[in-house]
Amino acid sequence: MSPRCGVPDNDDYSKLHITKHYSFLNGRPTWHGSTVPLMLNYALSEEHTIDYINNISDVLERAFSKWSSVIPVNFTETQDYKHANIKIGFYYGDHGDESPFDDMVLAHATGPGSGAFIHFNAGIIWAVDFNSEKSKSAFDLETTAIHEMGHVLGLDHSSNEESVMWPYTTPRKLWTMSMVFKFSTAHSKIQT
Ligand SMILES: [Zn+2]
Ligand SMILES: [Zn+2]
């Protein structure tokens, strides 16, 4: 088994013959009453976090700005965790949402809508910079954050290995610009 995102693959996933760079979550959920650009705020849990990365906010901002650069969406970080559109935290194992983390699951997220969240597996070794994080089993936090935000924006897994929405990953894998271009064409369609 390969390390992967914990969001289950759609039933259609294995049946896809055309390798699309994107597909939408079942029922094509969107953020209701959304303006253009879509304005979303997110908050990082103070309680459920990791302490060895001291600039998580910067990492998330960089990750989410990748989406803002290709679709009309603006993200703002808020300190008001309770009322944030997207609640973000790091959790160990069974953390109360019926999708316990194991060693092979990096993170998971909801689709759009009230109660949206991104959970990262606190048991994973996260890296911001592979020059300073030497572990062979470390995963890039920014890349994972981009993927999970894709779900929050309404995207399902892609069966195309070069898409940011491909569910699997490997340690020390980095985001590449070609992946940015690949999702840029798709994501103009999210809010239409
Ligand atoms: Zn996923
Ligand atoms: Zn969770």
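All of the numbers you see were taken from the coordinates with simple rules; none came from a lab. These numbers were taken from a predicted model, which means no experiment stands behind them. Glycine gets a Cβ as well: all are built from the backbone with ideal geometry, and neighbour counts include every protein chain shown.
Worth a mention:
- Karplus (6.51, -1.76, 1.60) ³J(HN,Hα), θ = phi - 60°, over segment 93-102, in Hz, Gly and Pro reported as x: x, 7, 10, x, 10, 6, 10, x, 7, 10
- Gap separating the Cα centres of segment 45-71 and segment 75-96, nearest whole Å: 11 Å
- Rounded to whole Hz, the Karplus (6.51, -1.76, 1.60) HN-Hα couplings of segment 81-90, x for glycine and proline: 4, 4, 9, 5, 4, 10, 9, 10, x, 10
- Neighbour cut-off at most 13 other Cβ (10 Å), DSSP loop, chymotrypsin sites (Phe, Trp or Tyr not before Pro), segment 58-129: TYR92
- Amide H contacts under 5 Å for THR110: PHE117, restricted to partners 5 or more places along the chain or on a different chain, H placed in the peptide plane at 1.01 Å from N.
- Around the amide H of ASP156, modelled in the peptide plane, lie the amide H atoms of SER23, PHE24, LEU25, all under 5 Å away and 5 or more residues distant in sequence or on another chain.
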